[in-house]
Structures are given as structure tokens and as C-alpha cells.
1. Helix-only estimate, please: 222 nm mean residue ellipticity of the chain, summing -39500 (n - 2.57) across DSSP H runs of length 4 or more and dividing by its residues, to the nearest 500.
2. Mind sorting out which of (i) 0.98; (ii) 1.81; (iii) 1.37 is the real Cα Rg over 2.2 N^0.38 Å computed from the coordinates?
Amino acid sequence: MTTPDGGIPFLDAEMKRFLTQFQADTRPLEELQESLHGIRGRGEAANGQVKAEVLASGALGSLHIAPRAMRLGADALAEAVLAATSNAAADLTTQLAGTMTDGLTPFADEVRRFGQD
């Protein structure tokens, strides 16, 4: 017996069950991806006079230079900008690693089981 659309009822029901389970299983990965996009690394230098923010893509998201930082001189200000962005990148890396660990931990048992087959 087939359904009006030519499908086989048991297979259609089984496929729907499989797809529903697959969506439930992959939802944590979708949530992880969403949270990764929102992460921003922050860093500062020159006693907080230079502040930088790095996006998850690695791009510089913002840079704030306090007016007082202009007194540092060109070379020292350039070094402070580089230090602030480097600190922001390090902060981003730490956050990404933590988020990835937390997000993938629920799948660790499955990965180990898959590797043993």
C-alpha cells in the first residue's frame, strides 16, 4: 500500500522521525555557532588609554584611543595600539576555546564511540 503521494507510509513516518531526531541532535551545534559569532575579545594598553575589540572573525571591531594617549608620541601610541589589539586577540582565543569546549563536550562520548567502530 502506498500513500496518495506515492510514498510508503512506514518509510515516510520513519523518515520524519529520523529528521526530527537529527534536528534535535544538531540544535546544540547551531546554538554553539550562534554563540561563537557573538564573542568579542577585549584588550587594552597604556594604562587603559587604548582599548581594542576583536570580532570572532579576527577583524578589529573597535578601537578607542583616549585623548590623553596622544601625548605618548607616534611610536609609543602605535605600540599601544598593537598591544591592545594583541591582548584583545588573546582574550578572543581564550573565550573561543572555552566556548568550543563547553559546546562540544556533550558530543565527546559520541565521538569516542564513533572512533571505536
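Read-outs: derived from the displayed coordinates by stated rules, not from any lab. The structure presented is a predicted model; accordingly, all values stated were derived computationally and were not measured.
1. On the way: 3 runs with 69 residues, N = 117.
Result for the chain, helices only: -20500 deg cm²/dmol.
2. The value matching this structure is (ii).
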